[in-house]
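The values are calculated or read from the model by the stated rules, or taken from the named source; none is laboratory data. From a predicted model like this one, the values you see are computed outputs, not experimental measurements. Note: ideal-geometry Cβ built from the backbone for every residue, glycine included; neighbour counts use all protein chains shown.
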Amino acid sequence: MRLIPSLPVGTAIAFLSSAIGTSAAQRVHLDHRVLQTAAPTIAPTAMPNDNRVPAGTRVGDTLIVRLTVTPAAWHILGDSAPAFTVATFQEEGKAPSNPAPLIRVRVGTPIHVAIRNPLDDTLVVRGLSERGGAGDSLVVLPRSTADARFVRRLAGTYQYWATLAAWQRALPLPPKLRGQGLLRPRFDSPLAGALVVDAPGPVPIDRIFVIGETDDQVPPLKRDPRGPVGRQFTVLNGKSWPYNERLHYALGDTIRWRIVNTTFQAHPMHLHGFYFRVDSHGSARAGVDSIYTPAQRRMAVTEVIGIGESVTMVWSPDRPGSWLFHCHLTNHIAMLPAVDRPGEIDYPTPHDHGDPDHHAVNGMNGLVLGVTVTGKTKPAAPWRPTKRLRLFVSTTATTTALPVGVDMRRAGRPRFDPVRASTST
């Protein structure tokens, strides 16, 4: 049921290009955003953020994070491939990143986030408050700086996100349906990052994966049978498969992942080969991460992560091999259209270049993670059958329908005519 809201949203978002025009949007949001000092003629490159290193510095007991919003070139595929120009967050002294820098603290840590907005548009930031969620917002006026100071007292996986006012006004949706900025399909789509609050005690080793997406549909509009209207480009931690990170584990490892959905669609995320345990499910709208008790935890192979939601999952591989973790929406794992040719509406036809064993690399993009598990399993116990069965199939040529009879016995041949004694088809 969580997938239903994403369909009308995706359809409505497809009209965004018609509403503002691609070239007009670039003029309004890029060319006219001139700083007091000379702006660079070429946008800096947004680096993929693997969410391993938290942002900020400690001053006493307070974490201080300084962020600047800036246009950047986002190479969704290889570093030399064509790039989108998007708005990103940049930690002071570092390159812009997609997703936004990770904020990670222990429960009760004072947090001070200073956000600089050198652009000509108003920036509205959510998620950086004591209660979190969409209820509180920080407005950063053009060419100004604003500060958020707060303390998080509940452990969990959260997110913070920001929107540019002009792009939100251009959305072909009433304000009440814009999801408090959670619907960011275009230029400001990468303005979101993970905010993790650890409980007291030892911090378990985990990985954080942020789902991102942008949509650059331009007229003529087209409905693709694989998904909602629009050219949708999806990523995990800022890169699309197969240009994102490859994960390596050993047999028996305890693997903990936090998955944060910062996109305008729900994603059914599926793990090949193994069950995983769902330990929590959070909502950015409510600012709550429901951490399950042992009795509430459940096993799954696919978990739907809705708009603005997060999931904590734990699993352990019991056999070696190469495995995938991916979205089960076909257009989110299909080959992507050409980034630099927005007029090409169709998704390319997947192919394997004559090498079907490598279709996953040559014929797929999007929300896919590759997982390699190494190690040797214990020799299996010798197999011995507990029963011996023989299956007899009999046909007759006396009718044009060619009825088929089936008889299964432990040994020997059937002692009756299976065509007459068994159900015929």
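So Ala250 passes all but one of these: (1) surrounded by 18 or more Cβ atoms within 10 Å (Cβ to Cβ); (2) touching a Ser or Thr at 6+ places or on another chain (Cβ under 7 Å); (3) among the aliphatic types (A, V, I, L, M). Which condition number does it fail?
Here Ala250 clears every test but (1).
Which of the numbered conditions does Ser80 fail, given that it passes all the others? Conditions: (1) surrounded by fewer than 20 Cβ atoms within 10 Å (Cβ to Cβ); (2) of a type in the set (Ser, Thr, Tyr); (3) in a strand (DSSP E or B).
Ser80 satisfies every listed condition except (3).
Would you point out which residue out of Thr45, Thr41, Thr57, Thr11 is under 28 Å from Arg178 (Cβ atoms) and either modelled with pLDDT of 50 or more or under 21 Å from the mean Cα position of the chain (by Cα) (or both)? Reasoning before the result, please.
On the way: Thr45 fails: under 28 Å from Arg178 (Cβ atoms); Thr41 fails: under 28 Å from Arg178 (Cβ atoms); Thr57 fails: under 28 Å from Arg178 (Cβ atoms).
Of Thr45, Thr41, Thr57, Thr11, the one residue that is under 28 Å from Arg178 (Cβ atoms) and either modelled with pLDDT of 50 or more or under 21 Å from the mean Cα position of the chain (by Cα) (or both) is Thr11.
Would you mind telling me which numbered condition in (1) modelled with pLDDT under 95; (2) of a type in the set (Ser, Thr, Tyr); (3) farther than 16 Å from Gln159 by Cβ Ser137 fails?
The failed condition is (3).
I need a count of the residues in the range 289-299 that are crowded, with 17+ Cβ neighbours inside 10 Å and not charged (D, E, K, R).
Matching residues across the range 289-299 total 1.
Restricting attention to the range 50-72, which residues are polar (S, T, N, Q) and closer than 15 Å to Glu92 by Cβ?
The answer is Thr57, Thr68, Thr70.
Can you name every residue in the range 45-72 that is within 20 Å of Pro118 (Cβ to Cβ) and in a strand (DSSP E or B)?
Within the range 45-72, Thr45, Met47, Ile64, Val65, Arg66, Leu67, Thr68, Val69, Thr70, Pro71, Ala72 qualify.
Considering only the range 172-186, state which residues are within 22 Å of the chain's Cα centre (by Cα), modelled with pLDDT under 85 and either surrounded by 24 or more Cβ atoms within 10 Å (Cβ to Cβ) or of a type in the set (D, E, K, R) (or both). So that I can check it myself, show each step before the final result.
So the first thing to find is which residues in the range 172-186 are within 22 Å of the chain's Cα centre (by Cα), and the list is 177-186.
Subsequent filtering for residues that are modelled with pLDDT under 85 retains 177-179.
Scanning the range 172-186 gives a single hit, Arg178.
What pairs can you find where one residue is in the range 146-167 and in contact (Cβ under 8 Å) with a residue 60 or more places away in the chain, the other is surrounded by fewer than 16 Cβ atoms within 10 Å (Cβ to Cβ) and not in a strand (DSSP E or B), and their Cβ atoms are less than 8 Å apart, with a gap of 6+ or different chains?
Correct list of pairs: Leu154/Val107; Ala155/Val107; Ala155/Ala199.
Here is a list of conditions, (1) over 18 Å from Gly181 (Cβ atoms); (2) at pLDDT 95 or above, and Glu130 meets all of them except one; can you say which number that is?
Condition not satisfied by Glu130: (2).
Residue-wise test of (1) outside any loop (DSSP other than H, G, I, E, B); (2) hydrophobic (A, V, I, L, M, F, W, C); (3) surrounded by fewer than 20 Cβ atoms within 10 Å (Cβ to Cβ); (4) within 25 Å of the chain's Cα centre (by Cα).
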| residue | (1), (2), (3), (4) |
| --- | --- |
| Ala100 | no, yes, no, yes |
| His112 | yes, no, yes, no |
| Leu119 | no, yes, no, no |
| Leu128 | no, yes, no, yes |
| Gly133 | no, no, yes, yes |
| Val139 | yes, yes, yes, no |
| Pro142 | no, no, yes, no |
| Ala146 | yes, yes, yes, no |
| Phe150 | yes, yes, yes, no |
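Got at least one residue in the range 305-314 being over 30 Å from Val107 (Cβ atoms) and either assigned by TED's automatic domain parsing to the domain that holds Asp50 or of a type in the set (Gly, Ala, Ser) (or both)?
No: zero hits.
Pairs under 7 Å by beta carbon, first residue aromatic (Phe, Trp, Tyr) in the range 198-214, partner part of a strand (DSSP E or B) and surrounded by 13 or more Cβ atoms within 10 Å (Cβ to Cβ), six or more apart or different chains?
Phe209/Leu236; Phe209/Trp257; Phe209/Ile259
Among the residues of the range 320-350, write down those that are modelled with pLDDT under 70 and under 17 Å from Leu77 (Cβ atoms). So that I can check it myself, show each step before the final result.
Initial filter on the range 320-350 (modelled with pLDDT under 70): 345-350.
Tyr347, Pro348, Pro350, listed by residue number.
Looking at the range 170-193, I want the residues that are in contact (Cβ under 8 Å) with a residue 12 or more places away in the chain and have a partner that is of a type in the set (Asp, Glu) and in a strand (DSSP E or B) with Cβ atoms under 8 Å, at least 6 apart or on another chain. Which pairs are those?
Pro185/Glu213; Pro185/Asp215; Arg186/Asp215; Ser189/Glu213; Ser189/Asp215
Looking at Leu141, Leu67, Leu119, Leu102 in this structure, which one is out of contact with any helix residue (DSSP H, G or I) (no Cβ under 6 Å at 6 or more places or on another chain), in contact (Cβ under 8 Å) with a residue 24 or more places away in the chain and within 27 Å of Gly201 (Cβ to Cβ)?
Selected residue: Leu102, the only one of Leu141, Leu67, Leu119, Leu102 that is out of contact with any helix residue (DSSP H, G or I) (no Cβ under 6 Å at 6 or more places or on another chain), in contact (Cβ under 8 Å) with a residue 24 or more places away in the chain and within 27 Å of Gly201 (Cβ to Cβ).
Do any residues in the range 301-322 that are farther than 23 Å from Val288 by Cβ have Cβ atoms under 7 Å from those of residues that are part of a loop (DSSP other than H, G, I, E, B) and acidic (Asp, Glu), where the two are at least six apart or on different chains, and which pairs are they?
Partner pairs satisfying both residue conditions: Ser316/Asp253; Pro317/Asp253.
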